[in-house]
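The structure appears below as structure tokens.
The values are calculated or read from the model by the stated rules, or taken from the named source; none is laboratory data. In this text the structure is predicted, and so the values were computed from the model without any measurement. Quick reminder, even Gly has a Cβ in these numbers, built from the backbone with ideal geometry, and neighbours come from all protein chains shown.
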Amino acid sequence: MKKVNISHVSNEHNYWLRSLNFYKTEISILKGRLTEIAGKNTGSEVMKEVEHFENQFKIQNDNIDRLSHDIHVNVDAISKQAQHQSAGYIDESLQTTHTELGNRFDNEEKIIHDMIRTFRKFAEQWM
């Protein structure tokens, strides 16, 4: 059975969690800007976009929370395995889960970047 070094996995977990926390903060800042835009522009066209971004921010915050939770579950599983095995490696099954989490993180990061880019264009138009 293939084994993977725990320190490599741990570094990635830490990076993902820090990044997800950063994105939650960024979304919170964008919500504030969205509130400003909504306060200054009450037309139906703007309000439709405001509602769209409110929904997107909520969805992405929920996605971030779920992914963070799943990463923490994987960290806990790795910790438990490390307590029983002192060699500093994890089994392939935990590595598979880790890889899946990495793919989810990459996808979520792309979605968030696209959302932020789209929001900035919207904000430039209406601020």
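Here is a yes/no grid of residues against (1) among the hydroxyl-bearing types (Ser, Thr, Tyr); (2) in a helix (DSSP H, G or I); (3) modelled with pLDDT of 90 or more:
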| residue | (1), (2), (3) |
| --- | --- |
| 7 | yes, yes, no |
| 10 | yes, yes, no |
| 24 | no, yes, yes |
| 28 | yes, yes, yes |
| 35 | yes, yes, yes |
| 45 | no, yes, no |
| 64 | no, yes, yes |
| 99 | yes, yes, yes |
| 102 | no, yes, yes |
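On inspection, residue 57 passes the criterion of being within 30 Å of residue 127 (Cα to Cα), part of a helix (DSSP H, G or I) and among the aromatic types (Phe, Trp, Tyr). Taking the stretch 88-102 only, how many residues are among the polar types (S, T, N, Q) and touching a Ser or Thr at 6+ places or on another chain (Cβ under 8 Å)? Residues flagged as among the polar types (S, T, N, Q) and touching a Ser or Thr at 6+ places or on another chain (Cβ under 8 Å) within the stretch 88-102 amount to 0.
The rows are residues; the columns are (1) touching a His at 6+ places or on another chain (Cβ under 7 Å); (2) in contact (Cβ under 8 Å) with a residue 12 or more places away in the chain; (3) more than 26 Å from residue 112 (Cβ to Cβ).
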{"site": "47", "(1), (2), (3)": "no, no, no"}
{"site": "61", "(1), (2), (3)": "no, yes, no"}
{"site": "75", "(1), (2), (3)": "yes, yes, no"}
{"site": "79", "(1), (2), (3)": "no, no, yes"}
{"site": "82", "(1), (2), (3)": "no, yes, yes"}
{"site": "98", "(1), (2), (3)": "no, yes, no"}
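Within the stretch 41-58, not a single residue is under 23 Å from residue 13 (Cα atoms), surrounded by 13 or more Cβ atoms within 10 Å (Cβ to Cβ) and not hydrophobic (A, V, I, L, M, F, W, C).
Using the structure shown, decide if residue 70 is acidic (Asp, Glu) and in contact (Cβ under 8 Å) with a residue 24 or more places away in the chain. Spelling it out, residue 70 is indeed acidic (Asp, Glu) and in contact (Cβ under 8 Å) with a residue 24 or more places away in the chain. Being part of a helix (DSSP H, G or I), closer than 19 Å to residue 9 by Cβ and touching a strand residue (DSSP E or B) at 6+ places or on another chain (Cβ under 6 Å) holds for only one residue in 95, 83, and it is 95.
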